[in-house]
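FYI, it's all coordinate maths here, none of it is from the lab. Please read all numbers here as calculations on a predicted model, not as lab measurements. Backbone-built Cβ (ideal geometry, glycine too); neighbour counts: all protein chains shown.
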Amino acid sequence: MRLFPFFIRHFLPVGLVALLGVTLFSSVTPVDSSRVDGFGIETDSLPALTLDNMESILTLVQSTGAEYVIQDFNWSEIETSADVYNWSAVTPLDLFVSSANAHGLKVVAVLTGGPVYLAASGQPLDMKAFGERWEKFVQAAVDHFGESVDIWQIGSEVNSYQGMAAFLTPLSPDERYAPNTNFYSDILQSASRIIKSADPNDQVWMGSLTGMASGSCAMNPLTFMLEMNATKAWKRADVIPYQPVQGAAAPENQAAGLNTSACSSNLMTTPGSMSAEIQAVQELARQLGGKQVIITGLRWSSTDLQSLVSARQISADQLEADLLVRASVALMAQNSISTIIWNTDLSSNPSAKNALTNLQQILKDAKPLGQVQGSTGSVFEYRFRHGGKITAIAWRSQDGDTAFPVALQAQDIRSFTAFSADADIVSNDSGLVIPANDSSEVVVMLNERPVIFTGKSSDLIQSTKLAITDQVELWKIELKTAAVRWLNNQKASLNDMLDQWLDQAKESAIEWGEEKLDELLP
């Protein structure tokens, strides 16, 4: 048990406590950037990982340029007997982590599951017993993977009916339980303390929040965030992963089933699009301390895809790639979401693989310029800038495969090069060059399939200035990140020093406290 919070409150001088502040015992929030960070993949959307296919699957993910891979570290499979940990009992996690690192991928370890050796079928675990074993499991995971894993997510879909079941009924994880923010805050706080003690620069992601239209949502995500904010654990999370659910609806439209969802809330008006839903989550996260929101588990189910593709001349795989692109582009350009994790099987859907590769290649480190068209009407156009290079991504949100002429403003760009978002190769040699007309417009034919347009400013001086500005901004971000890491390390050293001091002082402090009690209670 860590006794120092009690002793800091009661035995250190008030001025010193004020100087240390409440953030002393937690890491500094990572530097936020308005630039695109990149994309990732949830491994549960890929073929089950084995010793035989591990290398080929991670090579496939690496080939897209994706930054992140999210993998469950399921306690139920790892520790089937008390204090006996088999990290490759079902999924070869040791090989996965080492191979992902070798492929330059950042592993997000999702700590989930529960102590099956304490469970009885259909009966929830005693929370106190769970808490004691949970801390041992987290410590074992950090001890085992701490040098190779820098991002830890604590649970998933924690505002759903199944969010707590994975922990409390590990023998039947599909049981339905109401979300319990007090219980979840306890396990988030204890996990964060253990993780940050090992490496103060590791990130702790809160368990993902499932979207408002999800059939499994049991508590509105905004309500869950507010209740978490009322606990000390809220400050322990560095990032809030959000999993939007659209059902059989395009991202520009209101999610299907939203009006009948158990997650309805009077905290906001009904969002008319995925972007509007994310904006509400971001706004609350900002009000509650500037937490970064990322998108995770972005997907459309096969049933939803079949419903949406029924009147189209394209395949369900192509439609899936289109929807993932349209959602990602809108969220990154309009909402300044820096990181988006897809949930799609890249091994069986070449359109999705190509689309992810193209977006990662074109948007990495790009600065979102927002929405150019689409506030009204059916044409949606978003833009990004990297130096003097402008990327516009546009589509129509209705009429399916029927194309209509659309004008894109070229300004000082003499021509755009156009590519299908899921093109196999994106290069100046493979694209279609479309020159601007006398009105500084590029007129193109668009349907619901997103198209990528790239162009460069003809103003060489301005392009050079923008390139320099971009590089300086990136250097500033790197410097801030380095400063945060240094500060985190200093805080960790101070924590260690205080722990040692309190270990030495606590016996005499306890004796002093007992004497005072004797005086008060003779």
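Worth pointing out:
- Each Lys and Arg contributes +1 and each Asp and Glu -1, all at the Cβ; summed about the Cα centre of the range 256-345, the dipole is approximately 240 debye.
- Put a plus charge on the Cβ of each Lys and Arg, a minus charge on the Cβ of each Asp and Glu, and nothing anywhere else: the dipole of the range 107-207 about its Cα centre is then about 220 debye.
- Pair-distance profile P(r), taking every C-alpha pair of the range 68-298, with 10 angstrom steps and integer %: 8, 33, 36, 20, 4
- Cβ-based exposure ranking for Ile393, Ile413, in which fewest neighbours within 10 Å come first: Ile413, Ile393
- Net charge, Ala100 excluded, C-beta distance under 12 Å - Lys, Arg +1, Asp, Glu -1: -3
- For the range 131-261, the relative contact order works out to 27 percent when only alpha carbon pairs closer than 8 Å and six or more residues apart are counted.
- Euclidean distance of C-alpha centroids, the range 289-339 and the range 168-200, integer Å: 29 Å
- Per-pair calculated FRET efficiency, R0 = 41 Å: Gln398 and Ser264 via Cβ, rounded to 0.05: 0.95
- Summing Cβ point charges (Lys, Arg +1; Asp, Glu -1) relative to the Cα centre of the range 373-460 gives a dipole of roughly 260 debye.
- Counted charge near Glu67, where neighbours are those whose Cβ lies closer than 14 Å (Asp, Glu -1; Lys, Arg +1): -1
- Listed by Cβ neighbour count within 10 Å, with the fewest neighbours leading, Leu58, Leu446, Leu118 appear as Leu118, Leu446, Leu58.
- Ascending count of other beta-carbon atoms within 10 Å, so fewest first, for Asp365, Asp52: Asp52, Asp365
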